[in-house]
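The next block holds one structure in the form of structure tokens; read it before the comments.
Bear in mind these aren't lab numbers, they're just calculated from the coordinates by the rules spelled out. All values derive from a computational prediction rather than experimental measurement. Note that each Cβ is placed from the backbone with ideal geometry, even for glycine, and that neighbours are counted across all protein chains shown.
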Amino acid sequence: MNLIKCVAVSMIAMATLCTGAAARADTTLVNDTDRQQLAGWLGKDTIQLTNIFTKTTGSTAADFHAAADGKGATIVVMEAVTKSGQSFLLGGYNPSAWASSGGYAVTNEDSLRTAFLFNLTSDTIFRQMLSAQHLETLGSYQTLNEAGMGPTFGWGHDLQMAGDLTRGSSLLYSYADASLSNMNLSIADGQAYRGIDDLAFGRVEVYTISAVPEPASLAMLALGLCVMAARAGRKR
């Protein structure tokens with residue numbers, strides 16, 4: 001096989017492989033449209049989500065932390081139902097690793113306030129508040145890393161899940177908008193806070209995030225492999 005043909009065949013194979021990886025149903029909660037929305041909010045063209053935790057019957061905070069602690073940046077997605085019976089697909093992006101050490105992950109510098117919450121049902125994002133917006137520390141509370149609680153964001157708590165992973169609430173505070181017009185409201189239905197167990201959670205999944213290789217990167221890799229193959233062939 002000549003070099004040009006080798007590169008062409010290799011690029012097709014790699015592109016197929018990467019496209020399949022990006023579209024692979026490694027999640028039962030997030031479809032391709034949701035994935036592209038999340039990628040856009042992250043400032044990426046496309047992303048690959050790798051499932052590291054799926055809630056099953058009897059799962060608790062201990063199971064969540066065993067799977068997610070120390071794994072770097074993650075996205076949590078959860079089915080939520082309000083007291084009135086409305087269903088939403090909610091979640092959050094944690095740019096830091098989850099932990100069970102107790103206390104908040106506090107981000108004093110604006111450059112570190114890159115977390116966000118989202119409502120995929122309404123295509124709404126709630127970004128961590130910056131220091132110039134009202135009280136300097138208002139948006140500094142990124143996540144709560146308590147061993148006895150599920151994934152929990154913000155001081156509000158802006159989105160919190162109890163230890164049994166079946167109930168929780170949302171009260172915007174650290175992730176409220178700059179005008180504070182949605183302060184103390186739920187990211188689910190935009191209604192005022194109604195209590196600590198206002199939301200019932202169904203399916204929950206946690207993913208790590210990786211980039212999908214760009215075409216130019218694939219081309220360079222394909223060329224390198226073909227050159228190596230050609231050299232190996234000449235040595236025979």
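From least to most packed, judged by other beta carbons within 10 angstrom and beginning with the fewest, E136, E146, E109 follow the order E109, E136, E146. Modelled spin labels at A62 and A147, positioned 7 Å past Cα toward Cβ, are 1.0 nm from each other. A cut-off of 5 Å between modelled amide H atoms, ignoring neighbours fewer than 5 places along the same chain, links T114 with no other residue.
Extending 7 Å from the Cα toward the beta-carbon at both W41 and K83 defines two label points whose distance is 2.6 nm.
For the range 113-122, 3J(HN,Hα) computed residue by residue from phi via the Karplus equation (6.51, -1.76, 1.60; θ = phi - 60°) reads 8, 10, 6, 7, 10, 8, 10, 6, 5, 9 Hz, glycine and proline entered as x. What FRET efficiency comes out for the pair R194/L112, r = Cβ-Cβ distance, R0 = 25 Å, nearest 0.05? About 0.20, to the nearest 0.05.
For the range 52-208, dividing the convex hull volume of the Cα atoms by the residue count gives 96 Å³ per residue.
Just how many % of Cα pairs in the range 119-217 lie over 15 Å apart, if you round to the nearest whole percent? Counting every Cα pair in the range 119-217, those more than 15 Å apart make up 65 percent.
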